[in-house]
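A quick write-up on the structure given underneath.
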């Protein structure tokens, strides 16, 4: 039985060799090499592994580039809430009312609560020309942090002339912030000017 099986296996091997040879001659051209797929020769396991690894490498690189592009997307200059970064208070003089939110870490519960209060009523702040600048990295020592020298959590509301009108070491509601802004002479003048402009329309 073993001899019969060996003879059958040998016949199959010789048949495959003849088929492979015939296909090679069919596709052969002068000066042109016949690839394994065209000639009917079996593709080796090593070739398969190389192809799979190349595809994995390609998709990994593509995913990495996509993630990097997403991470590098800059915050818009007119966003109402943005990191303080390397910004200077002089950039907002007479155009915006900076609301500065400092903390030693973004995980500070007071910082988290304050940002929730702000995000819930951001429209009221935008109406008053407020820009919210956040800084939760004391080690970075950005220009605004160096100028204001906060300790731990700190909320500071500045007027358009750069003067500090609110300084709080605990979260404050947007209603209270808005009331403090509305008491300022410049804000009251802005409201009167808008009313006059509406009457003239």
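Every number in this text was worked out from the coordinates using simple rules, so none of it is lab data. Nothing here was measured: the structure is a model prediction, and the numbers come from that model. When we count neighbours, we look across all protein chains shown, and the Cβ atoms used for this are built from the backbone with ideal geometry, even at glycine.
A few remarks follow.
- Ranked packing of 98-109, 186-197, 171-182, most packed first, by mean Cβ within 10 Å: 98-109, 171-182, 186-197
- Cα pair distances exceeding 17 angstrom across the stretch 81-200, given as percent: 54
- For the pair residue 140 and residue 194 in one chain, pulling the backbone fully straight at 0.36 nm per residue adds 15.4 nm over the alpha carbon distance.
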